[in-house]
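Notes for the one structure printed next.
The values are calculated or read from the model by the stated rules, or taken from the named source; none is laboratory data. Because the structure is predicted, anything quoted here is derived from the model rather than measured. For neighbour counting, all protein chains shown are included, and Cβ atoms are generated from backbone atoms with ideal geometry for every residue, glycine included. Side chains included, ligands, DNA and RNA excluded: accessible areas come from the protein's heavy atoms. Shrake-Rupley method; radii C 1.70, N 1.55, O 1.52, S 1.80 Å.
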Amino acid sequence: MVFDSIEDAWKFWVDYGGKVGFGVRKQYSHKNKNGIITSYKFVCCKEGLRKPDKRDYKTINPRPETRKNCQSRLGIKNMDGKFMVVDFVEEHNHILHLPETTHMLASQRKISQFQGQQIDLADDARLQQRKSFDLMSKEVGGRTNLGFTRLDQKNYLRKKRETGMIHGEVGYLLQYFRRKLVENPTFYHAYQMDVEDQITNVFWADASMVTDYEYFGDVISLDSTYCTNTSHRPLAVFSGFNHH
């Protein structure tokens, strides 16, 4: 068997694992001095054994052993730009998954582009993650047909929000805080996040504010009559009195 690329070989191994009933992973690759991949090896997710840990005797609830030293593998080698199968073992030394449970394997779970758009729309509409997951499950006839789990959905949104924190409005705000902290180490800022990893509150105080509070912290007032701006983001102001 010959593949045109590493991606084609990996797709074949993933599809094969899904049909047979086992998870897959990449073990290693070899490259030449020019950085070109010369060989690649894909294995079963239960390949190998966990290395012994000297601290195991202190562990009260040890993690279950998931590795079974399974020898099932697919080895390919670069032959003039084509990747030829040079090593293939299909036997497993463990119980395989049933067809109705293979969708739970990490290598089989995937959020498609359309599903990602649905998750984004539900998130923009402030729909709870659990409710949006249940809705998408019902649309495809059950969770077994969905192709991903609630944890995958949570990780997808977390990654999106982390990206937004870097490049979006929150990212610019945090960059401003970092610049102020470099200018003066006494600058202080903090933020709170909810259970869905969204920023809910931001607080900051510059160096002069911190100094004023140290000297004139007897009276502090919270302005509870604040208004919202055009983006509907409330701003609460803490004010105090000094010797002026």
Residue in the stretch 178-193 that is open to solvent by 50 Å² or more (accessible area, probe 1.4 Å) and at pLDDT below 85 present: yes
Selection within the stretch 142-169 - modelled with pLDDT under 75, under 28 Å from Asn201 (Cβ atoms) and part of a helix (DSSP H, G or I): Arg161, Glu162, Thr163, Gly164, Met165, Ile166, His167, Glu169
Residue identified as within 21 Å of Ser107 (Cβ to Cβ) and either open to solvent by 70 Å² or more (accessible area, probe 1.4 Å) or of a type in the set (D, E, K, R) (or both) among Lys138, Lys154: Lys154
Residue match in the stretch 71-86 (condition: open to solvent by less than 50 Å² (accessible area, probe 1.4 Å) and under 28 Å from the mean Cα position of the chain (by Cα)): yes
Filter result (within 29 Å of Gln27 (Cβ to Cβ) and in a loop (DSSP other than H, G, I, E, B)) within the stretch 101-140: Thr101, Leu105, Ala106, Ser107, Gln108, Arg109, Lys110, Ile111, Ser112
Considering residues of the stretch 120-179 that are touching a residue at least 24 places away in the same chain (Cβ under 8 Å) and β-branched (Val, Ile, Thr) only, the residue nearest to Gly18 (Cα to Cα): Thr144
In the stretch 87-120, residue least open to solvent (accessible area, probe 1.4 Å) [restricted to those that are aliphatic (A, V, I, L, M) and out of contact with any His (no Cβ under 9 Å at 6 or more places or on another chain)]: Ile119
Total residues in the stretch 21-80, condition without any contact (Cβ under 8 Å) to a residue 24 or more places away in the chain and not in a strand (DSSP E or B): 25
Phe187 being touching a Lys or Arg at 6+ places or on another chain (Cβ under 9 Å), over 30 Å from Tyr213 (Cβ atoms) and among the aromatic types (Phe, Trp, Tyr): no
Val43 being surrounded by 11 or more Cβ atoms within 10 Å (Cβ to Cβ), at pLDDT 90 or above and within 29 Å of the chain's Cα centre (by Cα): yes
